[in-house]
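Have a look at the structure below, then the notes.
Each reported figure results from applying straightforward, stated rules to the coordinates on display, with no laboratory input. All figures in this text were calculated on a predicted structure; none of them were measured in a lab. Positions of Cβ are generated from backbone atoms using ideal geometry, with glycine treated the same way; all protein chains shown enter the neighbour counts.
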Amino acid sequence: MDIEEIARVLRDRYGKKTVAGLSDGEIEEVSLDQATEELPGEWREFLSLMGRRTGGLLFQDTDLLYPEILGIKAEALDEFPSLRSRVACGDDLVVVGMYQDREFYVMGGPHGAGSDVVRYIKGEDQPCYGFPSFTALLQYKLSLLPRTGAGIDHSVPGGRREPKPERRPSAFARWRRKGHLW
């Protein structure tokens, strides 16, 4: 399922007004803010179709939509010297989101479809793997929505929800378990 199909599913489920993209001028503003000549194709498509409102997709405590995404690259570069050195070496990376002011979602060049979305977490030495692509991130969020929708049968036998994917504990949780806190 590509980004256009995801946007269509969301419009069908939640109404056309709940999914809104950005104008060409606003996308250009994002590109200038990211200080890159060209945005990754799949992220540009997301911005044009859903960059302002994403229907029922929940990105709680995450700056992923316009205008909140403006300025997050500068914040990530201030926080992570490794990102600054990548930019200095000519790596045309973009910061596509920020979770709770502590995790940054970064896509790095080359910007073909399928570029990895890597998570940089404050306090961690190395970046963490996030998603194989921005589209995969959206597909994951879509999979968390209730399994019924306008004309689409996403039901699970017995009406039960599928279990959530296993997640690695955050750096803070690991640190707290080691007895550094309480």
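Could you state the orientation-averaged shadow area of the convex hull built on the Cα atoms of the range 3-155, in nm² to one decimal?
With every direction weighted equally, the projected area is 8.9 nm².
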*Taking the Cα centre of the range 3-155 as the origin, how large is its charge dipole in debye, to the nearest 20, when only Lys and Arg (+1) and Asp and Glu (-1) carry charge on their Cβ atoms?*
720
*Which far-off residues, 5 or more places away or on another chain, put their amide H under 5 Å from the one on Val117, with H placed in the peptide plane?*
Gly130, Phe131, Ser133
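Of the peptides 82-90, 67-75, 6-14, how do they stack up when ordered by the mean number of other Cβ atoms within 10 Å, highest first?
So the order, starting with the most tightly packed, is 6-14, 67-75, 82-90.
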*For an R0 of 41 angstrom, estimate the FRET efficiency from the Cβ-Cβ distance between Ala88 and Glu5 and round to the nearest 0.05.*
0.60
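Extension gain Asp101-Lys16, at 0.36 nm per residue separation less the Cα-Cα distance, in nm?
27.5 nm
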*Long-range HN-HN contacts of Leu22 with modeled amide H, under 5 Å*: Ser48, Leu49, Met50, Gly51, Arg52
*Whole-Hz ³J(HN,Hα) from phi, Karplus 6.51 cos²θ - 1.76 cosθ + 1.60, for the range 63-72, glycine and proline x*: 8, 9, 10, 6, x, 4, 6, 5, x, 6
*Enumerate the amide H contacts of Val96 below 5 Å, restricted to partners 5 or more residues apart or on another chain; note that Pro and chain-start residues carry no placed amide H.*
Tyr105, Val106, Met107
*Return the distance in nm (one decimal) between the two label points of a simple spin-label model at Gln139 and Glu75, each offset 7 Å from Cα along Cα→Cβ.*
2.9
_Nonlocal Lys pairs with alpha-carbon distance under 24 Å, the range 3-155 (8 or more apart, or different chains)_ = 5
